[in-house]
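Quick notes on the structure that follows.
The values are calculated or read from the model by the stated rules, or taken from the named source; none is laboratory data. From a predicted model like this one, the values you see are computed outputs, not experimental measurements. No Cβ is skipped: glycine too gets one built from the backbone with ideal geometry, and neighbour counts run over all protein chains shown.
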Amino acid sequence: MRTRSLGTKGPVVSAMGLGCMSMSQAYGTRNDDESRKTLQRALDLGVTFLDTADVYGEGHNESLVGAAIQGRRGEVFLATKCGILFGERGRGLDGSPAYIRQACEASLKRLGTDVIDLYYLHRKDPKTPIEESAGALATLVKEGKVRHVGLSEVAPATLKRAHAVHPITAVQSEYSLWYREPEHGILPACRELGVGFVPFSPLGRGFLAGASVRSDTLAEGDMRLGLPRFQGENLDRNERLREALAEIAAGRGQTPAQLALAWVLAQGETVVPIPGTKRVRYLEENAAASALDARTLAAIEAALAANPPSGERYSPDMMAWVDRG
Ligand SMILES: NC(=O)c1ccc[n+]([C@@H]2O[C@H](COP(=O)([O-])OP(=O)(O)OC[C@H]3O[C@@H](n4cnc5c(N)ncnc54)[C@H](OP(=O)(O)O)[C@@H]3O)[C@@H](O)[C@H]2O)c1
């Protein structure tokens, strides 16, 4: 596995990470045994940038990842997040210094480590000025509990304000072939500040990898059932884009997942995607994604122009948590 630097002067990580969310929630049923094997295989392949969050499975995901990396902690660049409430606290956001401190302590415990390599604020809390949240994260760095600070789904103005308090190492936002909004805001802002960019859902939540996402094939509780892009006429239109991309992938001897990841990797040297899976087979396939030539990039642009993605990426309640600056 090649490596990349998170931002211009940031830490060196595997050029592709592993998103661990689906091991605990969101897409399909849990399989802890297969998930543990996937985590071990990731480290064997040099996919050492692991992404989790306290809210994934309400702590289950951090505990799973923490247990799987015991004895191999030194190989891992471990990223987790705080700020989305769960459990008894109900649904909501909290970026207050008191909450961040308490969440960090709980994450360290579940992860079985004494330091988090990259600690993100999962969403900006509208009730707390970002300077206060960034200040709390900076204090955790001073105390040696956190090595690097990140933000997720923030607007460029928020990134700049936080970066003035403490250097931000990475911003994590949704970015993929079928969701390119970051190109008009946060991605150029990261480049300007020398901040790394970590695309989440680079496989379009499985859609761009060819996973069957018709409502009759998804298990009850699968989050995609509630996302506009996976519904009705939007889905019908998006299927046409997927078919066009699958044809391009087949023409270069790649799988659709590999084409989607190669496209993200082609967007810049400080861009480090974190495709998610709980299966060894998918992990191995994804890790083998290779570089894209100019002809393939042009073919992808043409396919997107002919079949523009249809529908919002989030439902209105999830959209309300996205920072607009
Ligand atoms: N900061 C945030 O707000 C935020 C939001 C969402 C996600 N994330 C992070 O980003 C990571 C990745 O995003 P994501 O999981 O939402 O979406 P994703 O990486 O775009 O897609 C994951 C889905 O694709 C499937 N898949 C993976 N590789 C495949 C392959 N080669 N062939 C067919 N299907 C394949 C997975 O199936 P299986 O699960 O069955 O293996 C899973 O259902 C997450 O794990 C999480 O760590 C962060």
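Some observations on this one:
- Residues in the range 27-45 that are assigned to a loop (DSSP other than H, G, I, E, B) and either at pLDDT below 95 or within 17 Å of GLY71 (Cβ to Cβ) (or both): TYR27, GLY28, THR29, ARG30.
- Qualifying positions in the range 28-58 - within 13 Å of the ligand (Cβ to nearest atom), among the polar types (S, T, N, Q) and in contact with a strand residue (DSSP E or B) (Cβ under 7 Å, 6 or more places away or on another chain): THR52
- Check on ASN307, in contact with a Pro (Cβ under 8 Å, 6 or more places away or on another chain) and farther than 16 Å from SER152 by Cβ: no
- Residue that is farthest from LYS127 (Cα to Cα) [pool: residues in the range 311-325 that are more than 19 Å from the chain's Cα centre (by Cα) and outside any loop (DSSP other than H, G, I, E, B)]: PRO316
- Out of GLU75, GLU62, one residue alone is touching a helix residue (DSSP H, G or I) at 6+ places or on another chain (Cβ under 8 Å), surrounded by 17 or more Cβ atoms within 10 Å (Cβ to Cβ) and either more than 16 Å from LEU283 (Cα to Cα) or of a type in the set (Val, Ile, Thr) (or both). It is GLU62.
- Qualifying residue in the range 275-298 (condition: at pLDDT 95 or above, among the aromatic types (Phe, Trp, Tyr) and within 16 Å of the ligand (Cβ to nearest atom)): yes
- Number of residues in the range 245-277 that are under 18 Å from the mean Cα position of the chain (by Cα), exposed (fewer than 15 other Cβ atoms within 10 Å of the Cβ) and either in a helix (DSSP H, G or I) or on the phi > 0 side of the Ramachandran plot (or both): the value is 1.
For every residue, the table says whether it meets (1) over 26 Å from THR80 (Cβ atoms); (2) surrounded by fewer than 14 Cβ atoms within 10 Å (Cβ to Cβ); (3) under 23 Å from the mean Cα position of the chain (by Cα).
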{"residue": "PHE230", "(1), (2), (3)": "yes, no, yes"}
{"residue": "ASP236", "(1), (2), (3)": "yes, yes, no"}
{"residue": "ARG279", "(1), (2), (3)": "no, no, yes"}
{"residue": "ALA302", "(1), (2), (3)": "yes, yes, no"}
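- Residue ID - nearest to the chain's Cα centre (by Cα), chosen from residues in the range 195-217 that are more than 9 Å from the ligand (Cβ to nearest atom) and of a type in the set (D, E, K, R): ARG214
- Subset of the range 154-174 (residues that are crowded, with 24+ Cβ neighbours inside 10 Å and over 21 Å from LEU137 (Cα atoms)): none
- Where ALA67 falls short, out of the listed (1) more than 25 Å from VAL271 (Cα to Cα); (2) within 16 Å of the ligand (Cβ to nearest atom): (2)
- Residue within the range 140-153 that is within 15 Å of the ligand (Cβ to nearest atom) and on the phi > 0 side of the Ramachandran plot present: yes
- The residues of the range 47-63 that are of a type outside the set (D, E, K, R) and either modelled with pLDDT under 95 or within 18 Å of the chain's Cα centre (by Cα) (or both), listed by number, are VAL47, THR48, PHE49, LEU50, THR52, ALA53, VAL55, TYR56, GLY57, GLY59, HIS60, ASN61.
- Look at (1) modelled with pLDDT under 95; (2) crowded, with 23+ Cβ neighbours inside 10 Å and you find that ARG89 fails only one, number (2).
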